[in-house]
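A short worksheet on the structure shown next.
Bear in mind that the values in this text are calculations on the coordinates, not laboratory data. All figures in this text were calculated on a predicted structure; none of them were measured in a lab. Don't worry about glycine lacking a Cβ; one is built from the backbone with ideal geometry, like all the others, and counts go over all protein chains shown.
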Amino acid sequence: MAMTSSSSLAATQAKHWYWQRISAMVLALCVLLHLGVIIYAVRSGLSAAAILGRTHGSLLFGGFYVIFVLACAVHVPIGLGRIAEEWLGCSTRAAQIGARLFGLLILFMGLRAVYGVVLA
Amino acid sequence: MSDVLDVKVWRGTVEGSFSTYRVPRQASQTVLDVVTYIQRVLDPSLSYRFACRVGMCGSCAMTVNGIARWTCRTHVAKVAKGDALEIAPLSNLPVIKDLATDMSEFFDKWARAQGQFKGKLTRHDEFAQVEPTSKARVAASAGIECIGCGVCYASCDVVAWRPEFLGPAALNRAWTLVNDERDVAGAERLRAVAGDAGCHSCHTQGSCSERCPKQIAPTAGIAGLKRMVAKAAVRGTL
């Protein structure tokens, strides 16, 4: 039994590691594109209405930001769980539950924002 | 630079204080020479540990002016601040007395990381032939010269805040063994070094690699273990 539990804990940690790696790679690209979009919008002097006019109904814009939100929702909770364990002294279980709830919050708020800009 | 060094030396165990000694300065003097002078001439009750004096045995590591170093190969001229030296026992290890630490936990962690070689050949078999330029052999060679001095372990912040963490030396040992193609305990070892106490707790700060007196990079080995464990997890062999 001891082997099974340590083995499954090891497998969980390994999965956390590669999901954080993969999501970090996605985020690296997303953040660059996101900054590009911000600079474009600001330097072109677009008004909120003009921006919404361009984003509304755009599958490309919506798809990109859905991927961005998903990557955040994967990446952030893993790191926050670690910080909660190491800095706040939380148990692994408490840290994971708290981190997952925060991940769900990011997912909800992020997708809501994408919905607001693209579909609403 | 004067002819005399002002040397503060930790006296006591966990509780204790620094005592100051005045030690004559000499050319090419090492920190171990200084400690030995204090023990032999000024205060025979000082406890410290050394053996080979030539950087092979890993016994004499101490904290010198705040940084863990092998004292037998550390010249005073390189590390003294003016004429001042502060010598303390290694961090992250229980102090037995003065400059001598209890290294049991440090070496127990090597055992916990499955640091023992397990082969399948007997003396009746032919010698295993390992290609010297193979990727695995090159990776093993990069970490194999560890002398077990504990400098990396004392320099690791993760060890300080997660006492069960196996530490850079034990993980480096595991890394050399998983790259030893004669070894047959690879899966068991990957299980031992994965998870909270193992490679996944490393934050890649690199203090171990920065301070290793043998220029080994445990950080690179630990990153390699993370990759290897991830592959094993995907294959379901973890």
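Taking every eigenvalue of the Cα gyration tensor of segment A:69-120, multiplying by 5 and rooting it, what semi-axes result, largest first, whole Å?
Details: eigenvalues 147, 14, 8 Å².
Taking √(5λ) for each Cα gyration eigenvalue gives 27, 8, 6 Å.
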Subject >> Test item: B:182-194 mean partner chain Cβ contacts at 10 Å >> reply: 2
Original post:
Which listed residue (B:14, B:41, B:56) has the Cα farthest towards the positive end of the charge dipole for segment B:4-101, taking +1 on Lys and Arg C-beta and -1 on Asp and Glu C-beta about the Cα centre?
Top reply: B:56
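Note down the magnitude of the dipole of segment B:82-238 about its Cα centre, charges +1 on Lys and Arg C-beta and -1 on Asp and Glu C-beta and zero elsewhere, to the nearest 20 debye. Provide the component values of the computation, followed by the final result.
Values: 19 positive and 18 negative charges, 148 e Å.
Using only the charged Cβ atoms, the result is roughly 720 debye.
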Original post:
Among the lysines, which fall within straight-line cross-link reach of residue B:8, defined as a Cα-Cα distance under 16 Å, with same-chain neighbours fewer than 8 residues apart omitted?
Top reply: B:81, B:97
**OP:** Kindly provide the helix-only [θ] at 222 nm of chain A, computed as the sum of -39,500 (n - 2.57) over DSSP H runs of four or more divided by all residues, to the nearest 500 deg cm²/dmol?
**Re:** -31500 deg cm²/dmol
**OP:** Enter the Cα centre distance for the pair segment B:19-55 and segment B:146-176, rounded to the nearest angstrom.
**Re:** 27 Å
**OP:** Report the residue, chosen from B:146, B:199, B:52, that carries the largest GNM mean-square fluctuation when chain B is represented by alpha-carbon nodes joined by springs under 10 Å.
**Re:** B:52
Original post:
Over its Cα atoms, what ratio of radius of gyration to 2.2 N^0.38 Å does chain B give?
Top reply: 1.14
Original post:
What is the distance, in nm, between label points placed 7 Å from the Cα along the Cα-to-Cβ direction at residue A:37 and at residue B:54?
Top reply: 6.6 nm
Subject >> Nonlocal Lys pairs with alpha-carbon distance under 25 Å, segment B:98-238 (8 or more apart, or different chains) >> reply: 14
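How large is the Kirkwood hydrodynamic radius of segment B:185-238, counting all unique pairs of alpha carbons, in Å?
Numbers: mean 1/r = 0.0852 Å⁻¹.
By the Kirkwood definition, the hydrodynamic radius is 11.7 Å.
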**OP:** Starting from the alpha-carbon convex hull of the protein assembly as shown, give the projected area averaged over all orientations, in nm².
**Re:** 26.7 nm²
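For segment A:1-94, what is the relative contact order in percent, using Cα pairs closer than 8 Å and at least 6 residues apart in sequence?
Values: 26 pairs, mean separation 37.7, N = 94.
Computed over segment A:1-94, the figure is 40 percent.
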Subject >> Virtual paramagnetic centre 7 Å along Cα→Cβ of residue A:15, amide N under 12 Å, in segment B:187-205 >> reply: none
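Which translational diffusion coefficient, to the nearest whole µm²/s, is obtained for chain A from the Stokes-Einstein equation, given a Kirkwood hydrodynamic radius over C-alpha pairs, 20 °C and 1.002 mPa s? Walk me through the numbers on the way to the answer.
Working: Rh = 16.4 Å.
The calculation lands on 131 µm²/s.
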Original post:
By count of other Cβ within 10 Å, fewest leading, how are B:147, A:39 ordered?
Top reply: A:39, B:147
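Contour minus end-to-end for residue A:111 and residue A:46, with contour as 0.36 nm per residue of separation and end-to-end as the Cα-Cα distance? It would help to have the intermediate numbers written out before the result.
Values: separation 65, 0.36 × 65 = 23.40 nm, distance 2.33 nm.
21.1 nm is the gain from fully extending residue A:111 to residue A:46.
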Original post:
Could you give P(r) for segment B:4-101, binned at 10 Å from zero, as whole percent values over all Cα-Cα pairs?
Top reply: 17, 55, 27, 1
**OP:** Quick one: dipole size for segment B:48-156, taken about the Cα centre, charges +1 on Lys/Arg Cβ and -1 on Asp/Glu Cβ, in debye to the nearest 20.
**Re:** 120 debye
Original post:
Can you sort B:165, B:50, B:18 so the residue with the fewest Cβ neighbours within 10 Å comes first?
Top reply: B:18, B:50, B:165
**OP:** For chain A, set up a Gaussian network in which alpha carbons nearer than 10 Å are linked by springs, and say which option among A:50, A:95, A:71 fluctuates the most.
**Re:** A:50
Subject >> Residues residue B:108 and residue B:25, FRET efficiency given R0 of 41 Å [Cβ-Cβ distance, rounded to 0.05] >> reply: 0.55
Original post:
So which residue, out of B:223, B:174, B:128, gets the largest mean-square fluctuation from a GNM of chain B using Cα contacts under 10 Å as springs?
Top reply: B:128
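Let me have the 222 nm mean residue ellipticity of chain B computed from DSSP H runs of 4+ only, each contributing -39500 (n - 2.57), with the sum over all residues rounded to the nearest 500.
Values: 10 runs with 81 residues, N = 238.
Using -39500 (n - 2.57) per qualifying helix, the result is -9000 deg cm²/dmol.
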